[in-house]
Structures are given as structure tokens and as C-alpha cells.
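Everything on this sheet refers to the single structure shown next.
The values are calculated or read from the model by the stated rules, or taken from the named source; none is laboratory data. This is a predicted model, so every value here is computed, not measured. A quick note on method: Cβ atoms are made from the backbone with ideal geometry, for glycine too, and the neighbour counts reach across all protein chains shown. Just so you know, the surface numbers come from the protein's heavy atoms only, side chains and all, with ligands and any DNA or RNA stripped out. Shrake-Rupley method; radii C 1.70, N 1.55, O 1.52, S 1.80 Å.
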Amino acid sequence: MNPAIPQRCAHRPLAGGLVVPWISLIHNGHAAFGSLDAERAFRAYRDRLCQICGQELDERCFLIVHPADQARGYSPEPALHPECLPYAAAHCPMLNGAATHYRRSPVLASPPPPLDDPAPIHRAPARHATPTKAIPPAAAAPPTGTRPG
């Protein structure tokens, strides 16, 4: 069963009928699934935003942890809302088991799918949120070993 697009993602652009995650790299109007926009990934960590929909995370959120991440002691990907995770797990080949290995080269065999919405992608202005509760410094910063852009 493939979960429907979550309501939180209704505003997100589509590429090939799939939601383009908020942290995905957009290059020349094409979604580069599997490649992260380093600036957005950092903002997701810093501002507690969902990597799929880009909205502020609630108290309850999920992390995707691959076996290699567990061995390193951190996950390089930001968290997700509980309703965004099943959609990502159903459609992401690295999560649903359809991909047999990670891409080792940025070279693509074919161009990525164009965005279904021809409107250009605009970055949201920086938002300086005031947390409603104190977040320990370790939780507010990206995991050790990651660097923004």
C-alpha cells in the first residue's frame, strides 16, 4: 500500500508524481532526489523543521537511521513528522528496499525528472523562531561530523 501524499505536503512541488522533499537539491528546475540542499538541511536541524514538508516539527518526530549511521553514532538527515515518514518510507528507494546500493558518483545515467509544477522554486526567507521550550545545545545543533554547505 502506498500512502497518499500527507496533507502537510500538499504545498510541496511534485516531480514524477512524487513530493519533492524540502531538503532535496533543486538544480536547474529539476529535483535531484537523493541529493541534499546543504543550506536547507542545516536549517532543518537548527530550526527543527521536517525534512519532507519543511514545517516546524512537533514534540513527536522521527529520525531515519541506517545501519551505517548507527555505527557512526549519528544520522546525517533531519527528522520527520509522524505523518511524513510513512510516505517517505513507501516512495524512497533507499528506505523501501528498491535501491540495492548508494550512488557513489554524482553523475546521473538520465536527467532527474522535471518538477510537475512549472513555477520556479523560491527559497523561503530565513525564519528566526523562538523555541517554546528550551532545547539542549546538543539537540539544536547538527550532529558532529556534518557541515553546512
**OP:** Go through the range 65-81 and give me each residue that's out of contact with any Cys (no Cβ under 9 Å at 6 or more places or on another chain) and either at pLDDT 95 or above or open to solvent by less than 40 Å² (accessible area, probe 1.4 Å) (or both).
**Re:** His66, Asp69, Ser75
Original post:
Taking the range 17-34 as the search range and keeping residues that are outside any strand (DSSP E or B) and within 16 Å of Met94 (Cβ to Cβ), which one is most open to solvent (accessible area, probe 1.4 Å)?
Top reply: Pro21
Original post:
Among all residue pairs at least 6 apart or on different chains, which show Cβ distances below 8 Å where the first residue, located in the range 82-103, is at pLDDT below 70 and the second is not in a helix (DSSP H, G or I)?
Top reply: Arg103/Gly34
Original post:
Of the residues that make up the range 35-47, is at least one open to solvent by less than 30 Å² (accessible area, probe 1.4 Å), in contact with a Gly (Cβ under 8 Å, 6 or more places away or on another chain) and closer than 21 Å to Met94 by Cα?
Top reply: yes
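Condition check ((1) touching a residue at least 24 places away in the same chain (Cβ under 8 Å); (2) out of contact with any strand residue (DSSP E or B) (no Cβ under 6 Å at 6 or more places or on another chain)) across all residues:
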{"residue": "Pro6", "(1), (2)": "yes, yes"}
{"residue": "Val20", "(1), (2)": "yes, no"}
{"residue": "Leu25", "(1), (2)": "no, no"}
{"residue": "Ala38", "(1), (2)": "yes, yes"}
{"residue": "Arg43", "(1), (2)": "yes, yes"}
{"residue": "Gly54", "(1), (2)": "yes, yes"}
{"residue": "Val65", "(1), (2)": "no, yes"}
{"residue": "Ala68", "(1), (2)": "no, yes"}
{"residue": "Ala71", "(1), (2)": "no, yes"}
Subject >> Total residues in the range 58-77, condition assigned to a loop (DSSP other than H, G, I, E, B) and aromatic (Phe, Trp, Tyr) >> reply: 1
